[in-house]
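K.L.:
Below you will find the structure I want to go over with you.
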Amino acid sequence: MKTIGIDLGGTSIYGGIINDKGQILKRVDRETGKSVGADEVLRRISLVIDDLLKIENDIIGIGIGSPGFIDTYNGKVLTVGGNIEGWAGTDIKGKLSKKYPNHQIFVGNDANVAGICEGWIGAGKDFDSYIMITLGTGLGGAIYTKKQGIWYGQNFQGGELGHAILYPNGRKCTCGQNGCVEQYISGTAIEKLYFELTGKSLNGKEIFRTYDTDNNSKIIIDNFAKNLAIYISSLKNIFDPEGIVIGGGVINSKDYWWDLMVDSYRNYVNDPKGLEIVPAIYLNDAGMIGAGKLALDNMK
Ligand SMILES: [Zn+2]
């Protein structure tokens with residue numbers, strides 16, 4: 001059986017035909033477009049779907065991973081639409097179901113579907129319980145147990161790990177709180193903190209690349225690793241999962257911070273044993289594959 005998996009991000013829409021082993025058989029992508037509005041983003045998603053259906057018409061399930069707080073049972077974006085302007089409140093499933101009446105549409109939060117992928121065929125597949133941390137522009141999360149699947153929470157804000165408060169009265173977050181984890185542990189946070197320290201704008205990659213030559217880069221990245229270790233210590237004590245899987249774009253630079261993060265975790269936590277911390281395997285494809293799996297698991 002095959003499904004379509006769509007990974008919707010602030011910059012690009014990635015779509016793929018996914019088989020029941022989690023392989024991507026065909027890919028299509030398009031720009032999401034800045035400030036184009038929800039209807040235009042939906043139109044671009046359907047162009048990706050149309051292209052994929054032209055290649056493979058024997059498909060009934062379409063899964064979509066979207067940023068924001070997502071009511072996954074009704075396929076709607078709630079009050080927070082992530083980094084897509086005007087996306088909050090969009091009835092993704094309702095609108096796409098009108099265009100594709102013969103297909104079943106499923107929508108999940110982007111970090112949750114990435115977690116579904118890693119648990120299915122990736123770094124979390126041997127864990128009975130794991131927490132996925134996605135370090136990209138922000139910090140996304142998924143909480144999973146084999147018995148219960150993904151934890152969605154009462155208001156579909158379960159696993160919004162980026163908005164736990166790490167430093168009370170700390171840096172202002174886009175969600176309205178102060179001191180959120182995402183403001184210290186994410187690609188954007190690294191860039192902002194570097195700018196505040198030096199007055200110079202470097203992108204994340206440049207900051208990592210100058211770890212050995214620019215002491216300011218080292219300060220920012222070491223702090224990032226230690227903050228992540230503090231947060232993992234809390235997650236261990238709150239959830240006691242078998243594993244923590246760390247993915248997202250920042251994992252590509254893990255050589256600069258992984259060892260310090262693990263050492264710091266061992267220093268900070270009361271009992272470091274019994275938790276495996278592992279890098280994700282699927283990285284950029286996790287959202288697309290996990291969205292396909294969401295459809296595969298829920299089709300009737
Ligand atoms: Zn926040």
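K.L.:
Residues 76, 125, 98: which one is over 20 Å from the mean Cα position of the chain (by Cα) and either free of Cβ contacts under 8 Å to residues at least 40 places away in the same chain or open to solvent by 20 Å² or more (accessible area, probe 1.4 Å) (or both)? Break it down into steps so the answer makes sense when it comes.
P.N.:
Values: 76 fails: over 20 Å from the mean Cα position of the chain (by Cα); 125 fails: over 20 Å from the mean Cα position of the chain (by Cα).
Every option except 98 fails the conditions.
K.L.:
Taking the residues in segment 23-35 that are free of Cβ contacts under 8 Å to residues at least 40 places away in the same chain and over 16 Å from residue 62 (Cα atoms) as candidates, determine which candidate is least open to solvent (accessible area, probe 1.4 Å).
P.N.:
Looking at residues that are free of Cβ contacts under 8 Å to residues at least 40 places away in the same chain and over 16 Å from residue 62 (Cα atoms), I get 33.
K.L.:
Follow-up. Output the residues belonging to segment 97-120 that are aliphatic (A, V, I, L, M) and within 18 Å of residue 12 (Cβ to Cβ). Spell out the reasoning first.
P.N.:
At the first step, the residues of segment 97-120 found to be aliphatic (A, V, I, L, M) are 105, 107, 111, 113-114, 116.
Residues satisfying the conditions are 107, 111, 113, 114.
K.L.:
If you don't mind, there's one more thing I want to ask. Please tell me if residue 109 is within 11 Å of the chain's Cα centre (by Cα) and either under 18 Å from residue 288 (Cβ atoms) or open to solvent by 30 Å² or more (accessible area, probe 1.4 Å) (or both). Write out each step before concluding.
P.N.:
Details: within 11 Å of the chain's Cα centre (by Cα): yes; either under 18 Å from residue 288 (Cβ atoms) or open to solvent by 30 Å² or more (accessible area, probe 1.4 Å) (or both): yes.
Criteria met by residue 109.
K.L.:
Name the residue, out of 242, 196, 206, that is among the charged types (D, E, K, R), touching a residue at least 40 places away in the same chain (Cβ under 8 Å) and open to solvent by 20 Å² or more (accessible area, probe 1.4 Å).
P.N.:
Details: 196 fails: touching a residue at least 40 places away in the same chain (Cβ under 8 Å); 206 fails: touching a residue at least 40 places away in the same chain (Cβ under 8 Å).
From the options 242, 196, 206, the qualifying one is 242.
To keep it simple, each residue is scored yes or no on (1) over 18 Å from residue 140 (Cα atoms); (2) of a type outside the set (S, T, N, Q).
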{"residue": "78", "(1), (2)": "no, yes"}
{"residue": "89", "(1), (2)": "yes, yes"}
{"residue": "103", "(1), (2)": "yes, yes"}
{"residue": "109", "(1), (2)": "no, no"}
{"residue": "118", "(1), (2)": "no, yes"}
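K.L.:
Kindly indicate which of 84, 60 is within 23 Å of residue 11 (Cβ to Cβ) and open to solvent by 10 Å² or more (accessible area, probe 1.4 Å).
P.N.:
Details: 60 fails: within 23 Å of residue 11 (Cβ to Cβ).
Just one listed residue meets the conditions, 84.
K.L.:
Among strands (runs of 3 or more DSSP E) lying entirely in segment 91-159, which contain 2 or more residues that are more than 18 Å from residue 280 (Cβ to Cβ)? Steps first, answer last, please.
P.N.:
Numbers: elements: 104-109, 129-135, 139-145.
Output list reads 104-109.
K.L.:
For the subset of segment 163-181 comprising residues that are modelled with pLDDT of 95 or more and not in a loop (DSSP other than H, G, I, E, B), which member is nearest to residue 261 (Cα to Cα)?
P.N.:
181
K.L.:
Still on this model: Among the residues of segment 11-22, count how many are out of contact with any strand residue (DSSP E or B) (no Cβ under 9 Å at 6 or more places or on another chain) and open to solvent by 20 Å² or more (accessible area, probe 1.4 Å).
P.N.:
At the first step, the residues of segment 11-22 found to be out of contact with any strand residue (DSSP E or B) (no Cβ under 9 Å at 6 or more places or on another chain) are 21-22.
Filter once more, keeping what is open to solvent by 20 Å² or more (accessible area, probe 1.4 Å): 21.
Count: 1.
K.L.:
Pick from segment 164-185 the residues that are in contact (Cβ under 8 Å) with a residue 40 or more places away in the chain and more than 7 Å from the ligand (Cβ to nearest atom): which of them is nearest to residue 225 (Cα to Cα)? Working first, answer last.
P.N.:
Here is the first cut: in segment 164-185, the ones in contact (Cβ under 8 Å) with a residue 40 or more places away in the chain are 164, 166, 175, 181-182, 184-185.
If we keep only those that are more than 7 Å from the ligand (Cβ to nearest atom) as well, we get 164, 166, 181, 184-185.
Values: 164: 17, 166: 14, 181: 12, 184: 10, 185: 8 Å.
Filtering segment 164-185 for residues that are in contact (Cβ under 8 Å) with a residue 40 or more places away in the chain and more than 7 Å from the ligand (Cβ to nearest atom), the one nearest to residue 225 (Cα to Cα) comes out as 185.
K.L.:
Another question, if that's okay. Provide a single number: the residues in segment 170-183 that are buried (at least 22 other Cβ atoms within 10 Å of the Cβ) and more than 18 Å from residue 247 (Cβ to Cβ). If you could, list the steps in order and put the result at the bottom.
P.N.:
Taking segment 170-183 as the starting set, the residues that turn out to be buried (at least 22 other Cβ atoms within 10 Å of the Cβ) are 180-183.
Filter again for more than 18 Å from residue 247 (Cβ to Cβ), leaving 180, 183.
The total comes to 2.
K.L.:
Please enumerate the residues belonging to segment 147-169 that are buried (at least 19 other Cβ atoms within 10 Å of the Cβ) and touching a strand residue (DSSP E or B) at 6+ places or on another chain (Cβ under 6 Å).
P.N.:
Once the filter is applied, which keeps residues that are buried (at least 19 other Cβ atoms within 10 Å of the Cβ) and touching a strand residue (DSSP E or B) at 6+ places or on another chain (Cβ under 6 Å), segment 147-169 yields 150, 156, 159, 161, 162, 163.
K.L.:
Still on this structure, please answer the following. Give segment 249-300 a look and list any residue that's polar (S, T, N, Q) and more than 15 Å from the chain's Cα centre (by Cα), or say none.
P.N.:
Within segment 249-300, the subset polar (S, T, N, Q) is 252-253, 264, 267, 270, 284, 298.
Across segment 249-300, the qualifying residues are 253, 264, 267, 270, 298.
K.L.:
While we're here: Quick one: residue 189 ticks every box in (1) outside any helix (DSSP H, G or I); (2) out of contact with any Leu (no Cβ under 7 Å at 6 or more places or on another chain); (3) within 16 Å of the ligand (Cβ to nearest atom) except a single one, so which number is it?
P.N.:
Every listed condition holds for residue 189 apart from (1).
K.L.:
What single numbered condition from (1) touching a helix residue (DSSP H, G or I) at 6+ places or on another chain (Cβ under 6 Å); (2) open to solvent by less than 10 Å² (accessible area, probe 1.4 Å); (3) away from the ligand (no atom under 16 Å from the Cβ) fails to hold for residue 135?
P.N.:
(3)
Matching residues to (1) at pLDDT below 95; (2) in a helix (DSSP H, G or I); (3) among the polar types (S, T, N, Q):
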site	(1), (2), (3)
222	no, yes, no
226	no, yes, no
233	no, yes, yes
262	no, yes, no
277	no, no, no
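The values are calculated or read from the model by the stated rules, or taken from the named source; none is laboratory data. Only a predicted model underlies this, so the values are computations on that prediction, with no experimental measurement involved. With ideal geometry, Cβ positions are generated from the backbone for all residues, glycine too; neighbour counts draw on all protein chains shown. Ligands, DNA and RNA are stripped out before the accessible areas are found, and what is left, the full protein with its side chains, is counted by its heavy atoms. Shrake-Rupley method; radii C 1.70, N 1.55, O 1.52, S 1.80 Å.
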